[in-house]
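The values are calculated or read from the model by the stated rules, or taken from the named source; none is laboratory data. Note that the structure is predicted; figures quoted are calculated from it, not measured. Positions of Cβ are generated from backbone atoms using ideal geometry, with glycine treated the same way; all protein chains shown enter the neighbour counts.
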Amino acid sequence: MYPLSVEQPYPREQWWVAAYSSEVGRELLARDILGEPVILYRTEAGKAVALAGICPHRAFPLSKGCLAGDAVQCAYHGFRFGADGECQHVPSQTSVPQNARLRAYPLIEQAGLIWLWTGTPDRADPSLVPDLHALGLGRDDWAVEQHPLATVAARYTLLIENLLDLSHVTFIHHRTIPAGEKVAGIPTQIIETETSLTVQRRGENLPLNPLLAIQFPGRTGPFHQHFDAEYFAPCLIRTGGAMYDAATGQLLGVQNYLHLLTPAAPSRLHYFVNTARSFGVDRPELGDMQVAMGARIQPEDIEAIEAIEQVLQSGASLPREISARVDTGALKVRHRLEMQIRAESQGRAG
Amino acid sequence: MYPLSVEQPYPREQWWVAAYSSEVGRELLARDILGEPVILYRTEAGKAVALAGICPHRAFPLSKGCLAGDAVQCAYHGFRFGADGECQHVPSQTSVPQNARLRAYPLIEQAGLIWLWTGTPDRADPSLVPDLHALGLGRDDWAVEQHPLATVAARYTLLIENLLDLSHVTFIHHRTIPAGEKVAGIPTQIIETETSLTVQRRGENLPLNPLLAIQFPGRTGPFHQHFDAEYFAPCLIRTGGAMYDAATGQLLGVQNYLHLLTPAAPSRLHYFVNTARSFGVDRPELGDMQVAMGARIQPEDIEAIEAIEQVLQSGASLPREISARVDTGALKVRHRLEMQIRAESQGRAG
Amino acid sequence: MYPLSVEQPYPREQWWVAAYSSEVGRELLARDILGEPVILYRTEAGKAVALAGICPHRAFPLSKGCLAGDAVQCAYHGFRFGADGECQHVPSQTSVPQNARLRAYPLIEQAGLIWLWTGTPDRADPSLVPDLHALGLGRDDWAVEQHPLATVAARYTLLIENLLDLSHVTFIHHRTIPAGEKVAGIPTQIIETETSLTVQRRGENLPLNPLLAIQFPGRTGPFHQHFDAEYFAPCLIRTGGAMYDAATGQLLGVQNYLHLLTPAAPSRLHYFVNTARSFGVDRPELGDMQVAMGARIQPEDIEAIEAIEQVLQSGASLPREISARVDTGALKVRHRLEMQIRAESQGRAG
């Protein structure tokens, strides 16, 4: 499926963010994940639960049902399933049909995020959840903002490609990202590690701009600023990075933009943005500013990738793709993702 | 096609209700039946007519045309077809092209209902129309109400399954059907005859409720009440049934709910509800109450089956189906319907 | 694809009208042509240009971009393409990727119309553009009106069939075309030449009507009037024709209706109507009247063919087609078009 050269649209042996912790409570939350309806809720003890969203009795959507203690009750014929997915009760009889259960998704709650494993349950290794702590989430010495969830009418790979080629900042965000007009002109460097691939841009001797002026009061610049795009897995990309006083080389702080993306369906995605900074942790106005900026910047990206999705859906024949050198990182990521999907297909076949 | 294990969505060698008598007059009525556009009207003598709705000249929808005496005139080039479907007139010439005709559907008008045969015309046996008289329609000693037609965005089989498993009453109609909250708990019994299959529930020693109080003034109960679901054919299911004075065993009356259903398309159905009662025939307020109750109950069923239809259309993979003992009747009906469709396919192949 | 007996919906080795000259300027105009997005604009020198509308870098719709001199700049990553389609600039590097170009469509601007060749560029023979001069366009001794473009939710062949069988005028335009009610009754004659096929109707001794009274003041009739339908190519059909004084045989003038049609997609078409007359050239009120009449007549045709398109899309099975003698011309045109498409397929195969 474009832009990948594999048929299968997404890997399944993977953790994905299903929801913010704050979204999940004692009401059933319906969310499509990788083309399947999922329901999320908390037990009376507060533990988050993710179950398949279709009743195996007569295919009724369970999100229209209700909670009975820790169990979910289908609104149609009253079948009841526990937090482990097992059928507990059928109203018209005293026993329960054999093999009556809902798929229960392995789930990890961490740093205000609910991660869900969409693959084979026994492969749901918690150590495969990206190391959020290292990026600034879930720790006292950084400040974090959760931006509102956006559900986007585009395949998730278009957002990955968008983020891995930040030269687009110069064109679609030049009015909303300070110094954005310079990004396309900064040379890139690719750093590959076992756990990530970074397309790094080091902006050097950048003049003061309104954002830096608020972030680092009293500093007049010039600044060195990193515009990174770091791919960890299809569920997580980090942009942003470190900022320095150009004169002294002093690290002023790190501003990370964490893009958490989850396929809702082959051509729809959930987009959770978290911002995290290592400086001005006690200045909430800096966080409010990030959220306000996000509310202007994200719609620009969303509009762009939805426009491409519409082209792809239109049935028009696509021209033969050309790439620039600046796309090397994005193409390597595309390859990583294809390899991940292929490995799964072969795993299932073998 | 789910929930059936056969490809073909519906049987065609079958009578279906196409319209209420009151809907059909000297204007062309357009109605989709089994995926085909049909036009209905009355001749000047008042005879109801059903013809194919596409002009064989250039595929124009005939429902946009008009009547010229007993003939239908296409609005595009003026081709005219008689009530028997034969082409009568082509404006630009004096003769008529060979084999120029519309399909004319065998039709029976009975008890305020227009029945249409969608199969091979020479198999259109009037005796195959369900015996409505026995159920209370078209006779002076019962009172009947025709509820407004609802066209529902769901396959007709979902409504059949809904009606055959009345345990749903306890969950989706508990606010709208008096004593409904008890239905799922009443044991079921299956009665199979040559012409029908009934899932019977005999509610015993039920206390007085507001509906019974109005239906049988002066009675204080307790009552025995039947909650039947009787399948005759895919076009007709009866629910409701007899009510008794529990103390004396005296039959107080029968209240039938006649569900007349017709596939409009593979995933759309027309739903005609008629209520018929053997008591209080001279009390029109009882009929008004049935119609008012129907206006609250039917949307609950429609919402439920449309929700399932949306699940089916979403492309989500369905869980392996589980059934309870209470589903035995519905599963037998599913089997009957599959056999009916298979027999047709083999008939055509043979 | 119905009504043609060939798979391929349209010929590609063909000139089509893409736009009115007045629509194309220094803003990018997006238009779908034969299922492909195209962008149209003018160079600084005023030359009209038509390029493929999808950026070959990452499939972004170029219509959202902007002009930089004579070049188009993609709004996503700033790739820039010249008026010849060649990539001129990639922001993040000094060179340009090999083979980076947009398809540039051969284009001819003539009589206020922009014609575009959708086939192999080296076959784009300007002499294949229909001879508009002979029909009254682009000359001082005739008056011409360009009616507003309509984009119609129907396959272009339905409009060809509509125009070739003017017996429909009697039925769908009897209120909007003076003398229209007579058309179906006039005998037809087919005139085939190397370049066109005409279904000719010669209305004889027609009485004065309000339109003729305005067109030819002082004349009281009767009149002879031609109701032609002349097919040149799938892009152009002429209706209307000459009008005479019946008493003297004097030619009063010619009123042509030029129907320029372009497939937007398999089931969508662009409809450009131009009217041209050889008389009253200095009476602009006659042109205003034609435009006002068109605003009433065209919606009638559009509604008719969109209704057929809906039948075709509905999945209903079509009846076996019947035709009248009056359809001979339309059937011959259908055959011509099938031959044209088949010749192309064989050309590509050979």
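Couple of notes before you dig in:
- Residue check, A:GLY218 touching a strand residue (DSSP E or B) at 6+ places or on another chain (Cβ under 6 Å) and either of a type outside the set (Lys, Arg) or over 27 Å from A:VAL17 (Cα atoms) (or both): no
- The combined condition, being touching a strand residue (DSSP E or B) at 6+ places or on another chain (Cβ under 6 Å), aliphatic (A, V, I, L, M) and in contact (Cβ under 8 Å) with a residue 24 or more places away in the chain, is not fulfilled by B:ALA111.
- Evaluation of B:THR193 against the conditions (1) in contact with a Pro (Cβ under 9 Å, 6 or more places away or on another chain); (2) surrounded by fewer than 22 Cβ atoms within 10 Å (Cβ to Cβ); (3) among the polar types (S, T, N, Q) shows that the sole unmet condition is (1).
- Flag for B:THR151 being of a type in the set (S, T, N, Q), over 17 Å from the mean Cα position of the chain (by Cα) and under 29 Å from B:CYS55 (Cβ atoms): no
- Scanning the stretch B:119-149 for residues that are buried (at least 17 other Cβ atoms within 10 Å of the Cβ) and outside any loop (DSSP other than H, G, I, E, B) yields B:LEU135, B:ALA143, B:VAL144, B:GLU145, B:GLN146.
- Selection of the stretch C:1-33 for residues being within 26 Å of C:ARG80 (Cβ to Cβ) and in a loop (DSSP other than H, G, I, E, B) yields C:VAL24, C:GLY25, C:ARG26, C:GLU27, C:LEU28.
- Qualifying residue in the stretch A:105-118 (condition: part of a loop (DSSP other than H, G, I, E, B) and within 14 Å of chain B (Cβ to nearest Cβ)): yes
- Subset tally (residues that are under 19 Å from B:GLN310 (Cβ atoms) and of a type in the set (A, V, I, L, M)) for the stretch A:73-93: 1
- Any chance A:ILE305 is within 11 Å of chain C (Cβ to nearest Cβ) and either surrounded by 18 or more Cβ atoms within 10 Å (Cβ to Cβ) or touching a Lys or Arg at 6+ places or on another chain (Cβ under 9 Å) (or both): yes
- Restricting A:PRO210, A:PRO222 to those that are farther than 30 Å from C:ARG58 by Cα and modelled with pLDDT under 95 reduces the list to A:PRO210.
- Matching residues, the stretch B:270-294, being assigned to a helix (DSSP H, G or I), aliphatic (A, V, I, L, M) and touching a residue at least 60 places away in the same chain (Cβ under 8 Å): B:LEU286, B:MET289, B:VAL291, B:MET293
- All conditions but one from (1) farther than 19 Å from B:ALA154 by Cβ; (2) surrounded by 19 or more Cβ atoms within 10 Å (Cβ to Cβ) apply to B:ARG31; the one that does not is (1).
- Of all residues in the stretch C:58-104, those satisfying the criterion of being touching a residue at least 40 places away in the same chain (Cβ under 8 Å) and within 9 Å of chain A (Cβ to nearest Cβ) are C:ALA100, C:ARG101, C:LEU102, C:ARG103.
- Test: B:ILE190 is at pLDDT 95 or above and under 30 Å from B:TYR2 (Cα atoms): yes
- The set of residues in the stretch C:170-194 that are more than 10 Å from chain B (Cβ to nearest Cβ) and in contact (Cβ under 8 Å) with a residue 40 or more places away in the chain comprises C:HIS173, C:THR176, C:ILE177, C:ALA179, C:ILE190, C:GLU192.
- Residue check for C:LEU116: in contact (Cβ under 8 Å) with a residue 60 or more places away in the chain, assigned by TED's automatic domain parsing to the domain that holds C:GLU303 and within 17 Å of the chain's Cα centre (by Cα): no
- Residue in the stretch A:314-332 that is assigned to a helix (DSSP H, G or I) and either outside the structural domain of A:THR176 (by TED's automatic domain parsing) or in contact with a Phe, Trp or Tyr (Cβ under 7 Å, 6 or more places away or on another chain) (or both) present: no
- If you filter the stretch A:317-333 down to residues that are crowded, with 20+ Cβ neighbours inside 10 Å and of a type in the set (Gly, Ala, Ser), you find that the one that is nearest to the other protein chains (Cβ to nearest Cβ) is A:ALA324.
- Leading residue by the ranking (nearest to the other protein chains (Cβ to nearest Cβ)) among those in the stretch B:334-347 that are within 19 Å of the chain's Cα centre (by Cα) and among the hydrophobic types (A, V, I, L, M, F, W, C): B:LEU337
- Test result for B:GLU303, in the same structural domain as B:ALA150 (by TED's automatic domain parsing), part of a helix (DSSP H, G or I) and more than 23 Å from B:LEU197 (Cβ to Cβ): yes
- Positions within the stretch C:201-217 being closer than 22 Å to C:ASN162 by Cβ and either crowded, with 18+ Cβ neighbours inside 10 Å or not assigned by TED's automatic domain parsing to the domain that holds C:GLY280 (or both), in sequence order: C:ARG201, C:GLY203
- Residues of the stretch C:238-264 that turn out to be surrounded by 19 or more Cβ atoms within 10 Å (Cβ to Cβ) and small (Gly, Ala, Ser), as a count: 3
- Residue within the stretch A:227-237 that is surrounded by fewer than 17 Cβ atoms within 10 Å (Cβ to Cβ) and assigned by TED's automatic domain parsing to the domain that holds A:MET293 present: no
- Candidates B:GLU181, B:GLU192, filtered to the one that is of a type in the set (D, E, K, R) and either within 24 Å of the chain's Cα centre (by Cα) or farther than 26 Å from B:ALA292 by Cβ (or both): B:GLU192
- The residue list C:ARG31, C:ARG12, C:ARG42 contains one member that is farther than 30 Å from A:ASN162 by Cα and within 14 Å of chain A (Cβ to nearest Cβ), which is C:ARG12.
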